[in-house]
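Since the structure comes first, as structure tokens, the remarks are kept for the end.
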Amino acid sequence: MKYRKKPVEVEAIQFTQNNFPEIEKFTNGLAHNFGIENSRVGIATCIIPTLEGDHIATEGDYIIKGIKGEFYPCKPTSLKRLMKW
């Protein structure tokens with residue numbers, strides 16, 4: 001049997017090294033443990049609590065607010081594949 005997903009509008013913000021305060025505000029203070037790797041590239045990460053437990057968001061990921069008010073990180077390629085802009 002085949003099923004079709006309902007069209008749903010969600011809010012999202014892209015995570016960068018410079019916008020963690022915005023991410024904290026967007027997630028109502030739930031995002032935490034912001035850090036930047038001590039490597040040549042220096043990729044930023046943070047923890048996003050989700051319904052399934054804590055997930056690591058890496059720089060460039062989108063933080064999505066779901067239809068029930070939950071938050072979760074999503075890779076840009078996945079978001080572009082799943083969503084209309």
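The values are calculated or read from the model by the stated rules, or taken from the named source; none is laboratory data. Nothing here was measured: the structure is a model prediction, and the numbers come from that model. Counting neighbours? That spans all protein chains shown, and the Cβs are built from the backbone with ideal geometry, glycine included.
Results for (1) closer than 21 Å to residue 70 by Cβ; (2) surrounded by 10 or more Cβ atoms within 10 Å (Cβ to Cβ), shown as yes or no for each residue.
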| residue | (1), (2) |
| --- | --- |
| 2 | no, no |
| 6 | yes, no |
| 13 | yes, yes |
| 16 | no, yes |
| 29 | yes, no |
| 32 | yes, yes |
| 42 | no, yes |
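Go through the stretch 65-85 and count every residue that is in contact (Cβ under 8 Å) with a residue 60 or more places away in the chain and in a strand (DSSP E or B). Give the derivation first.
Filtering the stretch 65-85 for residues in contact (Cβ under 8 Å) with a residue 60 or more places away in the chain gives 74, 76, 79, 83.
Those left that are additionally in a strand (DSSP E or B): 74.
Of the residues in that region, 1 qualify.
Specify the residue that is farthest from residue 6 (Cα to Cα); the eligible residues are those in the stretch 18-64 that are touching a helix residue (DSSP H, G or I) at 6+ places or on another chain (Cβ under 7 Å) and part of a strand (DSSP E or B). Among residues in the stretch 18-64 that are touching a helix residue (DSSP H, G or I) at 6+ places or on another chain (Cβ under 7 Å) and part of a strand (DSSP E or B), the one farthest from residue 6 (Cα to Cα) is 34. Quick check, is residue 79 surrounded by 15 or more Cβ atoms within 10 Å (Cβ to Cβ), at pLDDT below 95 and out of contact with any Cys (no Cβ under 8 Å at 6 or more places or on another chain)? So residue 79 passes the test. Residues being within 17 Å of residue 20 (Cα to Cα) and among the charged types (D, E, K, R) are represented in the stretch 61-73 by at least one member.
Yes/no per residue for (1) of a type in the set (D, E, K, R); (2) at pLDDT 95 or above:
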| position | (1), (2) |
| --- | --- |
| 27 | no, yes |
| 30 | no, yes |
| 37 | yes, no |
| 42 | no, no |
| 46 | no, yes |
| 56 | no, yes |
| 63 | no, yes |
| 70 | yes, yes |
